[in-house]
Amino acid sequence: MQITSVGHAGFHIRTEAGSILCDPWVTPAYFASWVPFPDNTRLDWDALGDVDYLYVSHLHKDHFDPDTLSRHVNKDATVLLPDYPVPDLRRELEKLGFTKFFETTDSVKHTVSGPKGDLDIMIIALRAPADGPIGDSGLVVSDGETTVFNMNDARPIDMDVMLDAFGRIDIHLLQYSGAIWYPMVYDIPKKTKANFGKQKRQRGMDRCRSYIDQVDATWIVPSAGPPVFLDDDLRDLNDDHGDEGNIFPDQQVFLEQLRIHGRDGGLLMIPGSVVDLKGSEHMTLTHPIPDDQVEAIFTDKAAYIEDMAQRFAPVIAAQKAAWAPAEGEPLLPALKAKFEPIMAQSDLICDGIGYPVGLVMGDETVVLDFPKRVVREPIEGEGKYRYGFRIAPELVRTVLRDDEPDWVNTIFLSTRFTAWRIGGYNEFLYTFFKCLTDERIAYADGWFAEAHDDSASIELGGYEIQRRCPHLKADLSKFGVVEGTTLTCNLHGWQWDLESGRCKTSKGHELRSSKL
C-alpha cells in the first residue's frame, strides 16, 4: 500500500486493487480564512484525481472542496458514502457530477469489488448533531496486507467494532490540532483567553493520544490540521510566535508530544510525502523536497507563512470581492424569514437555548427570541443578552444570499466574528445554527429528544459514575479523567463536578455519580 499526503486531511491511497482519494482540499475556506498548511497547490491534482474511489468524510469545507472535486476528480470514481441520516453529502456530490455511489452501513465491514480486485472497507459514521454538519466519519481500508485507519477529525465513540473486524491497524491518520473558534473570538480578558486556549490546546492533544492508545497502530500520522491563516486580519491566529494559548499547534509540536509520552512510530508528512507500507513490518517515507527544507517549514514558520500570504493574496482578494455588500436593506425581515420557520419546528432545541440571543451586525441589532420563537428588534431596557454575536453585515448578507444551511460551517469557523456569553457553552444554540433546513432541524430535535441508556456504571477516581458521557455518549472508561472532584471527558473536553453531577461546560447534561 502506498499513501500520499495531499494536504490537511487529504490522502491518496494506492493499492493493487484500486486507488482512493480522501478529502482533497485546496481552495481557501470559511470566508477565505483557512488555507491548507503546508501549501499543497503545487501538487499534480489531475493525476491525484484520476482514481477509482472517492471518499469525502463530511461537509466541512476543509474536507469537501467543490472546486477541486469539480475540476480535478474523475467523475467515474465510485464514491464511498458514509451512512448519514440526512443525505446532504450525496446531494452535493451529485451536483458536481458524481453518479456512482457505494452506500455503506455504519461500522460494518464491506468488500468493494472493481476490475482491479477487492478491498475491505469500513466507514464509521458519527451522526450526532455535534458531528460536523450533521455527520462526520472515519475510513478503514485493507488490501489484505496493510490496513489504514483514516480518522481525519472524526471522534468515534467505540474502537472495538473496527478492531474486531480488521484486527491490527498498521497506520493511523488523525487530527490533533484545533478546528474551532474557541476561545479566540470571545470577548474575555486577554489573560483568561490565553489560559482557556492553553487548556484547549492540551486537551486536543490528550484526546488524540487517547485514540492512539486505543487503536495501537504501528505508524501514526498527525493530520487534518492545522490550517494556516493568511489574511492580515487573522495572521495572529497562527502558531508562529510562541503563544502557549494558541489552539493550532503544528505536526512537529504533536510529534514531540508523542516522544515525551514515550510513543514511537510518529511520521511527519507534508503535501507530496509518500509512505510505502507492507503491513507493520516494512515502511519507507519519502518527501517531495529535501529533508532540511521540510524541517525549515516548521523551524522558520513565520517566514514560510509570509511567503504563502504573498502568493495567496490575489486568491483571498477575489473571494472577498464575491461577498455580498455590507450596505443594503435592514436584515431583520430576511432573518425572520430564515429563522422563524426553523424555530417553529424545534421546541426541544429552542427550549434548550432558553433565552434571547443578540446578533449585532454593524449598526443593526436583531434579537433571536428563542423562548417566544420569534426574530425581533431589541426591546428598550432589555439589557445585555446572555449570548451574543458581533458579525460584519457583509458576512450575514452573504450567507442569506446563498441560502446557507449552516452558519457554523461558514461564519463561525471563519473566526471573522466576536462573541460573548454569560454562563456556559450552549450546545443547543450552535446546533440550531448548523440546522437551517427543515430536514436538518427535524433530525437534530429528534436526536436530542431520544432517550439514551445510561444505566451502566464504572469506577473512576474514587467515584461510581455512569459509563456513557451525558454529552455524546463517549465511553468514560476510555475518555474520562478525574482530577480532584472534576471529571473531564477528553473526547470534547467537557467537565462535570462529581460531587453534584453538575455539568461545568454547558447547560443541562447532568452526570450520575456517587463517591465510593
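List every residue pair whose Cβ atoms sit under 7 Å apart, with the two residues 6 or more apart in sequence or on different chains, where the first one lies in the stretch 317-334 and is free of Cβ contacts under 8 Å to residues at least 60 places away in the same chain and the second, anywhere, is in a loop (DSSP other than H, G, I, E, B) and of a type outside the set (A, V, I, L, M, F, W, C).
The qualifying pairs are L332/E377.
Could you please give the count of residues in the stretch 245-272 that are open to solvent by less than 30 Å² (accessible area, probe 1.4 Å), within 16 Å of L173 (Cα to Cα) and either assigned to a loop (DSSP other than H, G, I, E, B) or in contact with a His (Cβ under 9 Å, 6 or more places away or on another chain) (or both)?
8
On the basis of being modelled with pLDDT under 90, open to solvent by 30 Å² or more (accessible area, probe 1.4 Å) and out of contact with any Leu (no Cβ under 9 Å at 6 or more places or on another chain), does D158 make the cut?
Considered against the rule, which asks whether it is modelled with pLDDT under 90, open to solvent by 30 Å² or more (accessible area, probe 1.4 Å) and out of contact with any Leu (no Cβ under 9 Å at 6 or more places or on another chain), D158 comes out as yes.
With the condition kept exactly as written, say whether any residue in the stretch 59-71 is farther than 30 Å from A324 by Cβ, open to solvent by less than 10 Å² (accessible area, probe 1.4 Å) and not in a strand (DSSP E or B).
No; the residues of the stretch 59-71 include none that is farther than 30 Å from A324 by Cβ, open to solvent by less than 10 Å² (accessible area, probe 1.4 Å) and not in a strand (DSSP E or B).
K301 fails exactly one of the following numbered conditions: (1) surrounded by fewer than 13 Cβ atoms within 10 Å (Cβ to Cβ); (2) of a type in the set (D, E, K, R); (3) in the same structural domain as G10 (by the TED database); (4) farther than 30 Å from T146 by Cα. What is the number of that condition?
Result: K301 fails condition (1) only.
Just for the stretch 223-241: of the residues that are assigned to a loop (DSSP other than H, G, I, E, B) and either within 19 Å of the chain's Cα centre (by Cα) or not acidic (D, E) (or both), which one is farthest from D300 (Cα to Cα)?
Among those that are assigned to a loop (DSSP other than H, G, I, E, B) and either within 19 Å of the chain's Cα centre (by Cα) or not acidic (D, E) (or both), it is A224.
Can you find a residue in the stretch 134-145 that is open to solvent by less than 10 Å² (accessible area, probe 1.4 Å), in contact with a His (Cβ under 9 Å, 6 or more places away or on another chain) and among the β-branched types (V, I, T)?
yes
Would you confirm, using the coordinates I've provided, whether R91 is open to solvent by 40 Å² or more (accessible area, probe 1.4 Å), over 26 Å from V396 (Cα atoms) and in the same structural domain as P156 (by the TED database)?
no
Looking at the stretch 104-183, what strands (runs of 3 or more DSSP E) fall wholly within it and have at least 2 residues that are among the β-branched types (V, I, T) and either touching a residue at least 24 places away in the same chain (Cβ under 8 Å) or closer than 23 Å to D213 by Cβ (or both)?
So the answer is 117-126, 136-142, 147-152.
Could you list, in sequence order, the residues of the stretch 161-174 that are within 18 Å of K473 (Cα to Cα) and surrounded by 22 or more Cβ atoms within 10 Å (Cβ to Cβ)?
Once the filter is applied, which keeps residues that are within 18 Å of K473 (Cα to Cα) and surrounded by 22 or more Cβ atoms within 10 Å (Cβ to Cβ), the stretch 161-174 yields only M162.
If you go through the stretch 365-375 one residue at a time, how many are closer than 22 Å to G328 by Cβ and open to solvent by 40 Å² or more (accessible area, probe 1.4 Å)?
The number of residues fulfilling the criteria is 1.
Given (1) of a type in the set (A, V, I, L, M, F, W, C); (2) crowded, with 20+ Cβ neighbours inside 10 Å; (3) under 30 Å from A321 (Cα atoms), where does W45 come up short, assuming only one miss?
(2)
Given the conditions (1) in contact (Cβ under 8 Å) with a residue 60 or more places away in the chain; (2) crowded, with 22+ Cβ neighbours inside 10 Å; (3) in contact with a helix residue (DSSP H, G or I) (Cβ under 8 Å, 6 or more places away or on another chain), and given that P222 satisfies all but one, which numbered condition is not satisfied?
Looking at each condition in turn, P222 falls short on (1).
Residues to consider are V35, V6, V26; find the one that is open to solvent by 10 Å² or more (accessible area, probe 1.4 Å), β-branched (V, I, T), in the same structural domain as V228 (by the TED database) and touching a residue at least 40 places away in the same chain (Cβ under 8 Å).
Only one candidate qualifies: V26.
Report whether or not G423 is touching a residue at least 60 places away in the same chain (Cβ under 8 Å), surrounded by fewer than 18 Cβ atoms within 10 Å (Cβ to Cβ) and in a loop (DSSP other than H, G, I, E, B).
yes
Could you tell me which of the residues V294, V275 is touching a His at 6+ places or on another chain (Cβ under 8 Å), open to solvent by less than 40 Å² (accessible area, probe 1.4 Å), modelled with pLDDT of 95 or more and β-branched (V, I, T)?
Just one listed residue meets the conditions, V294.
Any chance the stretch 260-275 includes a residue that's in the same structural domain as D170 (by the TED database), basic (K, R) and more than 22 Å from F479 (Cα to Cα)?
The answer is no, given that none of the residues of the stretch 260-275 is in the same structural domain as D170 (by the TED database), basic (K, R) and more than 22 Å from F479 (Cα to Cα).
Would you confirm whether or not the stretch 431-443 contains a residue that is hydroxyl-bearing (S, T, Y) and either under 26 Å from P226 (Cβ atoms) or outside any helix (DSSP H, G or I) (or both)?
Yes, there is a match, as at least one residue in the stretch 431-443 is hydroxyl-bearing (S, T, Y) and either under 26 Å from P226 (Cβ atoms) or outside any helix (DSSP H, G or I) (or both).
If you scan the stretch 313-338, which residues turn out to be loosely packed, with under 13 Cβ neighbours inside 10 Å, under 26 Å from the mean Cα position of the chain (by Cα) and either β-branched (V, I, T) or not in a loop (DSSP other than H, G, I, E, B) (or both)?
Scanning the stretch 313-338 gives A317, A318, K320.
So the check is Cβ under 9 Å with 6+ separation or different chains; which pairs have a first residue in the stretch 491-516 that's at negative phi and of a type in the set (D, E) and a second one that's in a loop (DSSP other than H, G, I, E, B) and buried (at least 17 other Cβ atoms within 10 Å of the Cβ)?
D497/L511; E510/P470; E510/G501
For the stretch 464-477, which residues satisfy the criterion of being in contact with a Ser or Thr (Cβ under 7 Å, 6 or more places away or on another chain) and touching a residue at least 24 places away in the same chain (Cβ under 8 Å)?
Hits for the stretch 464-477 are E464, I465, Q466.
The values are calculated or read from the model by the stated rules, or taken from the named source; none is laboratory data. Because the structure is a prediction, the values reported are computed rather than measured. Counting neighbours? That spans all protein chains shown, and the Cβs are built from the backbone with ideal geometry, glycine included. Note: areas computed on protein heavy atoms with side chains; ligands, DNA, RNA excluded. Shrake-Rupley method; radii C 1.70, N 1.55, O 1.52, S 1.80 Å.
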